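The values are calculated or read from the model by the stated rules, or taken from the named source; none is laboratory data. As the structure is a prediction and not an experimental result, all values here were calculated from the model. With ideal geometry, Cβ positions are generated from the backbone for all residues, glycine too; neighbour counts draw on all protein chains shown. Side chains included, ligands, DNA and RNA excluded: accessible areas come from the protein's heavy atoms. Shrake-Rupley method; radii C 1.70, N 1.55, O 1.52, S 1.80 Å.
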Amino acid sequence: MIFKTDIQIADEAKMLPIEEVAAIVGISNSDLEYYGKYKAKISWDAIKRIEEKNKDGKLVLVSAISPTPAGEGKSTVSIGLAQGFNRIGKKSAVALREPSLGPVFGVKGGAAGGGYSQVVPMEDINLHFTGDFHAITSANNLISACIDNHIHQGNELKIDIRQIIWKRVIDMNDRALRNVVVSLGKKADGFPREDHFMITVASEIMAVLCLSESLIDLKERIGKMIVAYSLDGDAVKVSDLGIEGAVAMLLKDALKPNLVQTLENTPAFIHGGPFANIAHGCNSILATKLALKTSEYAVTEAGFGADLGAEKFMDIKCRVAGLKPDAIVIVATIKALKMHGGVDKKNLKPENVEALEKGFENLKRHVENVKKFGVPAIIAINRFESDTEKEITKLKELCEQLNVRISLCECFAKGGEGAEDLASQIVELTEREKSNFKYIYDINDSITEKVNTIVRELYRGRQANFTKAAQNQIKKLESLGLDKLPICIAKTQFSFTDDQKIMGAPTDFDIEVQDIRVSAGAGFIVVQTSNIMVMPGLPKTPAANKMDIDNNGIITGLF
Ligand code: ADP
């Protein structure tokens, strides 16, 4: 049983100086750009050299069942698993997303793993880290400032101020900024218009940063981002404003992956953090490739459940980067499965084998889905103290019937030791079963076909219905030649359907597509199934209320 909080455990970590962590993965002192003693960015020279010279290790993706408020623990398992690999003598590194300040101060608290499977220095990683999110915020808002200035200075591009789609951002949950009016005041203050803030992680710049592999790639993608439509109906791009160079310049350091370590000194590349609904929800390609090229087993994570996160990882990130996962871990908890089986959040602790069996259907569907991509799967049960022996035995029995491997993962309580079995099973799995990785849809299919393939094959719904607005958008994208791109479905993460209340493994439903738009820089088509919250609010008692710092800089309550 753990009596310590995450921050207490993290404070007791015996961290190695970052150059010693880098040495583990063959990165030398001169390849590091230091951000204090325990954090560094990797230089371009090193990135290029490693890309050219090193061979790929095996790529292990960590995904999960449909999330529940009971929590699953993907980051915790990812970190624990990388530690587990190292303990069984297989060199491993983990590639993860950077936490956003919004959730840190909102409901969730920190997002750097938990218990004895954390990345450190956790308070730095959770707060300003190496400033990447601040750089992304500035880059985004430079574009906003230039749009309003362009209009003020004569509006040569004939930007229709009713059709400016580019929004300002801040990395904070702040509902007051969802809808604002800018440019109030005198003539010199510009043309008043309604504007909106998003949280930084929802910005297209974040997605672009995570999908770019060099500064030139980044600059080109930034140039292609559509910011508004003109009075003639033409798309206005960042390149039309002539500022893609300046925006890329602001991101010159943010584009380089960050290196830190886990509690057991396993190298961790933590970089980027796009939303998993209107964007693809995985850390940067550069960080994943570094982990892959510097270890035998690279562990990485995709946001939300496997229907959203793993699907986008494979159909968007792998397509762009030419990556191929060798194995997928589906994380589940007994508590969450009981919730999928109909148990209320308040009653999850008492033993309930029947509900577990019912909720297993959700896990089963995710396993079947992953296999459709041709990738071997394994289930990791993230063990909680409340799990009973009877429940664990039942779960093992169900997995046996499904012919899928299962590992009881105790990495929260025991660190890498608690994930040794998972790591060993993955080694065996990847040696015995070769991944025959394939995408779920053909990029050259029409937008409607691509969406329907995902709905039928993965969500197991009947079909997608498109509103008039969505149909018009499809026609527009076809006419602009922007329809042969991957699909990024923005849907509730809590259900296979577009209704967050329907848990488990529902069938006989349709998916309603409200709107479609293109993220031309990121290079995907966002298919919105409901109104997606791009600026979250804070709860009645934010996590911020429990946080404190003393005169010696000792932090409490960061989780
Ligand atoms: P995810 O990546 O799926 O969002 P995290 O790994 O961030 O989940 O875990 C969410 C929270 O649950 C963290 O605060 C973590 O400390 C806690 N947690 C994870 N696994 C366990 C466990 N086995 N027992 C208790 N708490 C856990």
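Calculation over all alpha carbon pairs of the range 261-300 in 5 angstrom steps from 0 returns a P(r) of 6, 23, 26, 22, 14, 7, 2 percent. Here the label points at Asp217 and Glu389, each 7 Å from Cα along the C-beta direction, are separated by 5.2 nm in the simple model. Lys and Arg at +1, Asp and Glu at -1: add these up for the other residues within a Cβ distance under 11 Å of Ala248 and post the number. So the surrounding residues net to 0. Ordering Ile136, Leu251, Phe191 by Cα displacement along the dipole of the range 132-251 toward the positive end leaves Phe191 in first place; charges were set at the Cβ atoms of Lys, Arg (+1) and Asp, Glu (-1). Computed on the Cα atoms alone, the convex hull of the range 6-130 gives a volume of 135 cubic angstrom per residue. Kirkwood radius and radius of gyration were both taken over the C-alpha atoms of the range 43-112, and their ratio Rg/Rh is 1.06. Beyond 23 Å, what share of the Cα-Cα pairs of the range 132-251 remains, rounded to the nearest whole percent? The share of Cα pairs beyond 23 Å in the range 132-251 comes to 29 percent. Its residue count N sets the reference 2.2 N^0.38 Å, and the alpha-carbon radius of gyration of the range 482-555 equals 1.69 times that reference.
Counting only Cα atoms, the range 447-528 measures 39, 24, 19 Å along its principal axes, largest extent leading. Near Cys411, once Lys and Arg are set to +1 and Asp and Glu to -1 for all other residues with Cβ below 11 Å from its Cβ, the sum equals -2. Dividing the convex hull volume of the alpha-carbon atoms in the chain by its residue count gives 150 Å³ per residue.
In the range 132-251, the DSSP beta bridges split such that about 75 percent are antiparallel, to the nearest 5. Between Val526 and Cys488, Arg517, Val518, Ser519, the built amide H atoms are under 5 Å apart, and every one of these is 5 or more places off in sequence or on another chain. Spacing of the modelled spin labels on Asn403 and Arg162, each 7 Å from Cα toward Cβ, amounts to 5.9 nm. The stretch between Lys53 and Phe191, if pulled fully straight at 0.36 nm per residue, gains 44.3 nm over its current Cα-Cα span.
For the chain, the Cβ-based charge dipole about the Cα centre amounts to some 500 debye (Lys, Arg positive; Asp, Glu negative; other atoms uncharged). Here the extension length gained between Arg456 and Ser479 equals 5.6 nm, from 0.36 nm per residue of separation less the Cα-Cα distance.
The dipole here belongs to the range 96-186: it is taken about the Cα centre, uses +1 on the Cβ of Lys and Arg and -1 on the Cβ of Asp and Glu, and is about 440 debye.
The GluC sites (Glu not before Pro) of the range 286-395 that DSSP puts in a loop, and whose beta carbon has at most 13 other beta carbons within 10 Å, are Glu385. Relative to the Cα centre, the charge distribution of the range 447-528, modelled as +1 at Lys and Arg Cβ and -1 at Asp and Glu Cβ, gives a dipole magnitude of about 140 debye. Taking 16 Å as the cut-off, the amide N atoms of the range 200-218 that come nearer than this to a point 7 Å along the Cα-to-beta-carbon line of Asp174 belong to 200-203. Along the axis of the charge dipole computed for the chain (Cβ charges of +1 for Lys and Arg, -1 for Asp and Glu, origin at the Cα centre), the listed residues Thr393, Gly102, Gln118 are led at the positive end by Gly102.
Scalar couplings 3J(HN,Hα) for the range 374-391, obtained by applying the Karplus form with A = 6.51, B = -1.76, C = 1.60 to θ = phi - 60°, are x, 10, x, 10, 9, 9, 10, 8, 6, 6, 10, 4, 6, 5, 9, 4, 4, 5 Hz; x denotes Gly and Pro.
Normalised by 2.2 N^0.38 Å, with N the number of residues, the alpha-carbon radius of gyration of the range 240-279 equals 1.69. Remark on Glu433: its backbone amide H falls under 5 Å from none of the residues 5 or more positions apart or on other chains, H modelled at 1.01 Å from N. Between the C-alpha center of the range 1-74 and that of the range 149-190 there is a gap of 39 Å. For the chain, the share of DSSP beta bridges that are antiparallel, to the nearest 5, is 45%. Potential lengthening of the chain between Glu12 and Ala246 amounts to 80.0 nm, from the contour at 0.36 nm per residue minus the alpha-carbon distance.
A 1.4 Å probe, protein heavy atoms only, puts the accessible area of Arg221 near 40 Å².
Under 5 Å from the amide H of Val513 lie the amide H atoms of Asn465, Phe466, Thr467, each residue being 5 or more positions distant or on a separate chain, with H modelled from the backbone and absent for Pro and chain starts.
Based on alpha-carbon atoms, the Kirkwood radius and the radius of gyration of the range 216-359 give Rg/Rh equal to 1.11.
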